[in-house]
Amino acid sequence: MDTKVWMYLVYLAISIGLTIWVARALSRNGLVFLEEVFADERLAKAVNSLLVVGFYLLNLGYVTVAMRHPDPVGTTSVAMEELSLKVGLVLLVLGALHFFNVFALNRYRRGRLRQLATHPPLAPVGQLPMAPVPPAGHPAGPQPPSGPYPGGPHPQPGQPGAGPTPPPAPR
């Protein structure tokens with residue numbers, strides 16, 4: 001057999017083996033995540049099965065399309081280099097598919113948790129002060145302070161907000 005045919009056979013064996021192994025691992029370990037995302041065991045199992053089928057279709061489709069190599073493969077070292085490139089690309093596609101699935105499902109999960117929340121995501125900080133409405137006949141501009149201190153009257157000692165009370169005078 002030709003070196004190129006051996007390269008194709010090894011490539012198919014490695015790529016299909018990796019695809020099956022990754023699909024089983026993701027299916028088994030991802031079911032817990034999907035049950036958390038959907039909060040329904042039946043729905044999680046159905047989505048898990050659909051994701052596995054889509055995973056197989058996309059990845060095996062890529063494996064078969066990427067198998068073609070137009071140049072002749074004369075030596076074993078060239079075959080190994082081409083094989084490593086093709087298997088590396090399969091692994092990158094597997095990783096990209098996994099990342100996309102986790103990203104999309106996590107966004108869905110966050111939205112569902114936000115809908116189930118009983119309080120707003122951010123508590124109100126406070127209220128803005130309302131400016132008093134001047135009575136009719138008074139000018140609307142700034143008023144001069146009333147009292148002996150700038151900014152208005154100060155509280156008397158003993159009233160709230162007056163600060164520390166001075167000690168009593170000696171007798």
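Looking only at residues in the range 6-41 that are surrounded by fewer than 12 Cβ atoms within 10 Å (Cβ to Cβ) and of a type in the set (A, V, I, L, M, F, W, C), which one is nearest to the chain's Cα centre (by Cα)? Ranking the qualifying residues of the range 6-41, first place goes to 32.
For the subset of the range 59-78 comprising residues that are small (Gly, Ala, Ser) and not in a loop (DSSP other than H, G, I, E, B), which member is farthest from residue 97 (Cα to Cα)? My answer is 77. On the basis of being buried (at least 17 other Cβ atoms within 10 Å of the Cβ), outside any loop (DSSP other than H, G, I, E, B) and either of a type in the set (Ser, Thr, Tyr) or touching a strand residue (DSSP E or B) at 6+ places or on another chain (Cβ under 8 Å) (or both), does residue 56 make the cut? No, not satisfied. Select from the range 1-51 the residues that are among the small types (Gly, Ala, Ser) and outside any helix (DSSP H, G or I) and list them in ascending order. Within the range 1-51, 39 is the sole residue that qualifies.
With respect to residue 66, determine if the residue is touching a Lys or Arg at 6+ places or on another chain (Cβ under 9 Å), under 26 Å from residue 81 (Cα atoms) and free of Cβ contacts under 8 Å to residues at least 40 places away in the same chain. Against the criterion (touching a Lys or Arg at 6+ places or on another chain (Cβ under 9 Å), under 26 Å from residue 81 (Cα atoms) and free of Cβ contacts under 8 Å to residues at least 40 places away in the same chain), residue 66 qualifies. Could you list, in sequence order, the residues of the range 16-41 that are under 20 Å from residue 116 (Cα atoms) and among the small types (Gly, Ala, Ser)? Hit for the range 16-41 is 39, nothing else.
Answer yes if at least one residue in the range 99-108 is among the charged types (D, E, K, R), assigned to a helix (DSSP H, G or I) and either over 21 Å from the mean Cα position of the chain (by Cα) or farther than 28 Å from residue 4 by Cβ (or both), and no otherwise. Yes, the conditions are met somewhere in the range 99-108. No other residue among 38, 55 is touching a helix residue (DSSP H, G or I) at 6+ places or on another chain (Cβ under 7 Å) and within 18 Å of residue 96 (Cβ to Cβ) apart from 55.
All of 157, 139, 132, 148 fail the test of being at pLDDT below 80, over 31 Å from the mean Cα position of the chain (by Cα) and either surrounded by 10 or more Cβ atoms within 10 Å (Cβ to Cβ) or among the β-branched types (Val, Ile, Thr) (or both), apart from 157.
The values are calculated or read from the model by the stated rules, or taken from the named source; none is laboratory data. Keep in mind that this is a model prediction, so the values were computed, not measured. Reconstructed Cβ throughout: ideal geometry from the backbone, glycine too, with neighbour counts over all protein chains shown.
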